[in-house]
């Protein structure tokens with residue numbers, strides 16, 4: 001009986017440091033944010049006043065907020081499938097048994113070794129409107145120079161491209177690990193059954209890859225919904241709010257517009273949005289085996 | 001045995017958590033206990049350490065000023081926290097909202113004095129400065145540092161901008177140099193015509209190599225509001241609570257259209273960031289640049305073939321120039337207020353103010369130093385004579401930026417609008433949006449209306 005009791009609490013004991021970290025660094029800030037979103041600043045007195053759901057009501061009437069929702073969703077609808085699709089393709093290529101494949105596996109990982117701010121600054125130099133390298137090449141080829149980050153039509157796509165350049169190598173590592181876990185006997189069996197290359201991918205690779213794929217999909221989605229530094233460094237949310245994602249608008253609210261209540265309300269709504277999308281992803285990608 | 005090891009593991013975990021928390025609380029308490037032991041001053045050895053939040057472009061000059069102060073006050077050490085302009089503003093918000101003594105002294109842009117006062121960031125300085133000491137600053141700077149009858153931030157200097165030009169590029173194009181005399185001030189229309197001639201592709205690669213004109217502070221209201229001020233525009237309501245009808249008035253739109261045209265119609269200005277403009281001018285990629293007197297020293301040292309002319313105005317309208325600058329604020333959360341105030345006083349008055357002018361070359365707010373500029377014969381020769389021009393502008397054409405408790409929000413939105421206009425947005429649409437959003441954000445200050 002005593003041994004049983006020991007067995008029941010031992011796992012919790014080992015989980016305790018991780019749980020403690022999650023509570024202190026994740027759950028507590030969420031509750032603090034929720035609490036903060038119910039208050040508005042007052043001035044001179046230095047006190048904040050309880051306004052219940054006012055911040056949320058004001059947000060729902062604010063066209064800038066709705067624009068940010070639109071930009072955030074548009075970016076994620078494009079960037080997540082793009083990154084995951086390219087990462088999967090890259091992982092499949094890197095899984096081919098070739099001489100010197102180790103070298104290729106290493107170089108595709110280089111972009112992730114460049115920190116996000118440095119990558120942004122480097123790309124800003126390359127894409128500089130006035131005599132940036134990319135524009136110099138375009139002009140030399142007889143093509144018109146492009147505004148890139150200075151255009152409301154191009155800026156978001158440029159940010160998506162930079163983030164994808166950085167992200168694909170990273171996510172492909174997880175998928176490559178997943179691919180290498182698939183037993184070769186399954187492919188042999190499929191080949192004996194007469195399955196072609198596509199059939200083998202559809203019936204063996206993809207189902208067996210669902211676990212790493214769901215991890216990559218969920219994590220990548222969360223990271224992209226919370227992406228902030230490229231906008232902060234490259235465009236400040238502009239031009240014409242075309243890159244003003246919810247995270248950027250929340251940051252502006254807190255540190256430029258002196259309104260922590262509005263900033264917290266935006267983050268809370270972003271949290272709800274992410275939870276809904278992740279729940280849908282889990283449902284869709286749930287492994288059947 | 002198993003039980004014992006389990007107990008040990010649990011104990012170790014508990015101890016590590018307790019130690020972690022205890023460490024955190026010790027760190028938080030340290031300055032306070034230090035303060036108690038040393039009569040309100042935290043101590044490092046025998047020195048009181050004053051933390052100073054500064055804008056990175058000013059850090060080297062301020063370091064020289066701090067060294068001078070430390071020579072005279074061996075018991076005080078000034079530590080720097082240096083950030084780029086926009087990040088400094090954000091850093092102030094983040095750290096002040098934590099209500100901790102993260103820094104003791106910080107740079108406050110003149111129009112932000114009211115905003116920081118209502119948010120409770122600033123400690124009033126009335127008890128540290130006598131009326132005689134306050135009377136030594138020009139009135140506009142003293143007013144800019146005051147809110148609601150209280151003196152909140154001491155002016156380091158004021159500022160004036162001039163039109164710098166590159167003599168070599170003018171010579172290459174055979175164009176006469178602009179005059180430095182304010183009576184022969186160029187109009188914006190003349191300036192644009194010159195700039196068009198000075199914009200060209202030098203190496204024939206199909207891209208513009210030399211641009212005719214740039215503002216040093218591209219996109220920032222400090223340099224762009226004088227365009228509207230020249231047209232006599234009121235940029236925000238007098239009480240500072242309403243932007244609609246002011247920030248997007250016809251005159252503001254007209255001025256913004258001029259700014260738009262420099263990039264998108266006439267293409268005389270490069271689409272670069274404020275961080276790049278000085279290098280563009282100093283390396284001969286821009287023929288004319290609106291900039292502050294602070295660059296005289298740098299251009300002279302680097303051998304830039306420069307001259308200076310007065311800030312242009314719109315034909316048939318009045319001359320209007322930017323003014324105002326950084327003040328030094330004492331953090332209301334500082335636990336070393338006495339030592340911090342001593343530094344503020346040194347930096348903004350008497351010998352320190354004069355040293356600061358010689359070091360930084362921004363137009364002084366001290367009447368004494370201004371008098372020195374207008375009377376000392378060394379300011380008759382170029383390039384020092386540009387300070388005489390600056391002093392003239394400060395007394396005759398300077399238009400201060402507006403006062404509003406929500407200046408930070410208003411300015412951020414206006415900067416965003418100007419950035420969009422540079423990128424090619426319709427000026428009216430951009431200003432309409434800025435005014436509309438600004439009014440929404442300024443609503444939270446309604447309780448301050450009198």
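Every number in this text was worked out from the coordinates using simple rules, so none of it is lab data. Only a predicted model underlies this, so the values are computations on that prediction, with no experimental measurement involved. When we count neighbours, we look across all protein chains shown, and the Cβ atoms used for this are built from the backbone with ideal geometry, even at glycine.
Structure notes:
- Kirkwood-type hydrodynamic radius, chain A: 22.4 Å, calculated from all non-identical alpha-carbon pairs.
- Long-range Cα-Cα pairs in segment B:107-196 (distance over 19 Å), rounded percent: 57 percent
- Highest-fluctuation residue, B:365, B:423, B:309 considered, GNM on chain B with Cα pairs under 10 Å: B:423
- Note on residue A:20 and residue B:100: with the Förster distance fixed at 22 Å, the Cβ-Cβ geometry gives a FRET efficiency of about 0.35.
- Neighbour-count ranking [beta-carbon atoms within 10 angstrom, fewest first] of B:252, B:53: B:53, B:252
- A:108, B:327, B:371 arranged by Cβ crowding within 10 Å, fewest neighbours leading: B:371, A:108, B:327
- Extending 7 Å from the Cα toward the beta-carbon at both residue A:202 and residue B:426 defines two label points whose distance is 5.1 nm.
- Among A:172, A:136, A:229, residue whose mean-square fluctuation peaks in a GNM of chain A (springs only between Cα atoms under 10 Å): A:136
- Top of B:179, B:233, B:140 by mean-square fluctuation, Gaussian network on chain B, Cα under 10 Å: B:179
- Pair-distance profile P(r), taking every C-alpha pair of chain B, with 20 angstrom steps and integer %: 23, 51, 20, 5, 1
- Enclosed volume per residue, in Å³, of the convex hull spanned by Cα atoms of segment A:45-187: 235 Å³
- Between segment B:279-303 and segment B:346-403, the alpha-carbon center distance in angstrom: 19 Å
- Once the Cα gyration tensor of segment B:362-431 is diagonalised, semi-axes √(5λ) in Å: 36, 16, 9
- Inter-part distance where segment A:260-289 and segment B:407-450 are each reduced to a Cα centre, Å: 32 Å
- Here the calculated FRET efficiency for residue A:181 and residue A:126, from their Cβ-Cβ distance with R0 = 41 Å, stands at 0.60, rounded to the nearest 0.05.
- For segment A:170-242, the convex hull spanned by the alpha carbon atoms encloses 108 Å³ per residue.
- Largest first, the three principal axis extents of the alpha carbons in segment A:129-179 are 45, 24, 13 Å in whole numbers.
- Inter-centroid distance (Cα atoms) of segment A:85-151 relative to segment B:104-175, Å: 45 Å
- Using a Förster distance of 25 Å, the FRET efficiency for residue A:153-residue B:196 (Cβ separation, nearest 0.05): 0.35
- Paramagnetic reach from residue A:191 (point 7 Å along Cα→Cβ, amide N under 15 Å) across segment A:70-103: A:96-98
- Value of relative contact order over chain B, rounded to a whole percent, pairs C-alpha under 8 Å and six or more apart: 25 percent
- Hull volume in cubic angstrom per residue (convex hull over the Cα atoms of the protein assembly as shown): 227 Å³
- Based on Cα contacts under 8 Å between residues 6+ apart, segment B:81-221 shows a relative contact order of 13 percent.
- Contact order for chain A, expressed relative to its length and based on alpha carbon pairs under 8 Å spaced 6+ residues apart, stands at 27 percent.
- Cβ-to-Cβ counts within 10 Å put B:381, B:90, A:240, B:358 in ascending order as B:381, B:358, B:90, A:240, the fewest first.
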